[in-house]
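Bear in mind that the values in this text are calculations on the coordinates, not laboratory data. Because the structure is a prediction, the values reported are computed rather than measured. In this analysis, Cβ positions are derived from the backbone assuming ideal geometry, glycine residues included, and neighbour counts consider all displayed protein chains.
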Amino acid sequence: MMAKELYEGRLKIYGGWREIGGNCVVVEDGDRKIVFDNGIRFQVLKRVYGGRITPLGPLEMQRLGVIPDAEVYEDADALYISHGHLDHVGLLYEVPHDVKIVVPSKRIFDATIFEWYGNSNTWLSYVKPRGYAEVVDAEELREDEHGVVAVPVSHSAYPAYAYIYQGRDFVLFYSGDLRLEPLSRGLVKGLEESLQRLGIDRVDVAVLEGTNFSRGVENFPITAGVFRELMTSALSQYELVAVSIDPLDLEMFHAVVELSKISGREVVVASERLLWAVEELGERDASAVALLSEMGAVAATRYVSLEELLRDGGGYVVVAEPVALLEMLRKLRLWRGEVDLVGSLAVLTDPEPKEAVREVEEEVVARWLSMFGFQIYRLRLSGHYHPQNFSELVRILNPKELVPIHTEDPAYMVKLLKKVREKISR
Ligand SMILES: [Zn+2]
């Protein structure tokens, strides 16, 4: 695989150049070599695999350019993963044993993606690193032995980091994926605040994602503010409200719990993959949520049954992966004959369309839910900053050079940077 070389060869981009997903950025500075992200290029993956045509293994995926080439790791000191989305994590099983793997949180990765995919009988089992791999936590707002500082950012996977590399004679900012307006302020610090704390008010190179600078977006993502507004009015209006949440999105989970509390509803979690989020929130404040008793999960202080939800829908918000929720409703209907949920609302929050394995057929889920009587909102809240936030980002980072990544429209970003600079200098 050919890498795109920039910044006098000190920066090599193996994935994410003029495409969404598959980030893999190598920085070579003297005898130092570090790698940011190890992404799967889903756009390539979807072109060559589908249905019964599945990967023969990592080697084939490497040859086809679905995952980074082995040369990325030759003599590398460490690999830094920005967050748990697979287009950034990639197949950690393939990382050589002498390359340290730095992740946002080993505990959370163990409880989520490594647990979900580790025992898969497909290529997804290679997401989990080998047993003897050295996997460590990123150091938040502290420079590590390779000159790298992890900066917390808001995104649709939690925790998420941008990274700053303090080189011999340059400072590089690698954004990972980020949005500027956090969905839940209690959970993530603002980018500007973090940089101020580090004493950084300009960077030499900003390797910046531009996901929402995209051609061919059919439904433009809503902002965090709009999401909160829509949820608030829905919670005051509908009977039972069911929300589907991507199980990595603790920020959204936290926001839904907060909004539900304000509207006097109790949150009932009905999905195994969200149990880690329940624990994580429980550690932060004692406002533990209830679990659906039919789920058969352990370690909850309070359970609510499906019967209770159907009887007093207006008192609750169910949070689940849509498939898990559907399965329970379908079983219930087989036992009882009819399940009437007219007046209830299902909020389907679309995950990023180009960055993940789609495990659920949204159309089919929506059809089932409306068969049960649900009204349906489809909300796409992006984990990425909006183009209208770009000038603020430029003001915060003040980059000498911009390297657009993870975008289909880098030319527009470069043009916009020029415009913003002219405005600032005036
Ligand atoms: Zn992401």
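Under 5 Å from the amide H of ILE222 lie the amide H atoms of ARG380, LEU381, SER382, each residue being 5 or more positions distant or on a separate chain, with H modelled from the backbone and absent for Pro and chain starts. Evaluating 6.51 cos²θ - 1.76 cosθ + 1.60 at θ = phi - 60° for every residue in segment 415-426, the Karplus couplings come out as 5, 5, 4, 4, 4, 4, 4, 4, 5, 5, 6, 6 Hz, glycine and proline recorded as x.
Assuming a ≥ b ≥ c are the square roots of the Cα gyration tensor eigenvalues, decide whether segment 131-261 counts as rounded (a/c under 1.5), prolate (otherwise, with a/b larger than b/c) or oblate.
Taking the square roots of the gyration eigenvalues as a ≥ b ≥ c, segment 131-261 is prolate.
Charges were assigned to the Cβ only: +1 to each Lys and Arg, -1 to each Asp and Glu. The resulting dipole of the chain about its Cα centre is roughly 1040 debye.
Each Cα pair under 8 Å and six or more residues apart adds its sequence gap; the mean of these over the residue count of segment 1-93 is a relative contact order of 30 percent. Listed peptides 332-341, 230-239, 142-151, 246-255 appear in the order 246-255, 142-151, 230-239, 332-341 once ranked by packing, highest mean of other Cβ atoms within 10 Å at the front. Counting every other Cβ atom within 10 Å of each residue's Cβ, PHE109, PHE114 order from fewest to most as PHE114, PHE109.
Scattering from segment 224-378 was approximated by placing one identical point on each alpha carbon and applying the Debye formula without solvent; log10 I(q)/I(0) at 0.20 1/Å stands at -1.43. From its DSSP helices (H runs of at least four residues, each -39,500 (n - 2.57)), the chain gives a residue-normalised ellipticity at 222 nm of -8500 deg cm²/dmol. Each Cα pair under 8 Å and six or more residues apart adds its separation to the average, and for the chain the resulting relative contact order is 17 percent. Take each peptide in 22-30, 257-265, count the other Cβ atoms within 10 Å of every residue, and average; sorted highest first, the result is 22-30, 257-265. Distance between the C-alpha centres of segment 55-70 and segment 171-227: 30 Å, rounded to the whole angstrom. A cut-off of 5 Å between modelled amide H atoms, ignoring neighbours fewer than 5 places along the same chain, links ILE405 with LEU208, GLU209, GLY210. For segment 1-158, the direction-averaged projected area of the alpha-carbon convex hull comes to 9.5 nm².
Per-residue Karplus couplings for segment 188-204, computed as 6.51 cos²θ - 1.76 cosθ + 1.60 with θ equal to phi - 60°, are listed in order as 10, 6, x, 4, 4, 4, 5, 5, 4, 5, 7, x, 10, 10, 7, 10, 7 Hz, Gly and Pro entered as x. Highest average first, the peptides 271-277, 131-137, 88-94 ordered by how many other beta carbon atoms sit within 10 Å of their residues are 88-94, 271-277, 131-137.
Listed by chain and number, the aspartates and glutamates placed with their C-alpha closer than 18 angstrom to that of LYS418 are ASP204, GLU209, GLU392, GLU401, ASP409; residues fewer than eight positions away on the same chain are left out. Using a cutoff of 8 angstrom between alpha carbon atoms and counting only pairs six or more residues apart, the relative contact order for segment 35-85 works out to 57 percent.
May I ask which of LYS106/LYS189; LYS400/LYS423; LYS12/LYS423; LYS12/LYS189; LYS4/LYS415 have a Cα-Cα span longer than 23 Å here? As for pairs spanning more than 23 Å Cα to Cα, those are LYS12/LYS423; LYS12/LYS189. Across segment 7-14, coupling constants 3J(HN,Hα) worked out from phi with the 6.51/-1.76/1.60 Karplus curve, θ = phi - 60°, read 6, 6, x, 7, 10, 10, 10, 8 Hz, and Gly and Pro carry x.
Each distinct pair of alpha carbons in the chain adds a 1/r term; the inverse of their mean, the Kirkwood radius, is 22.5 Å.
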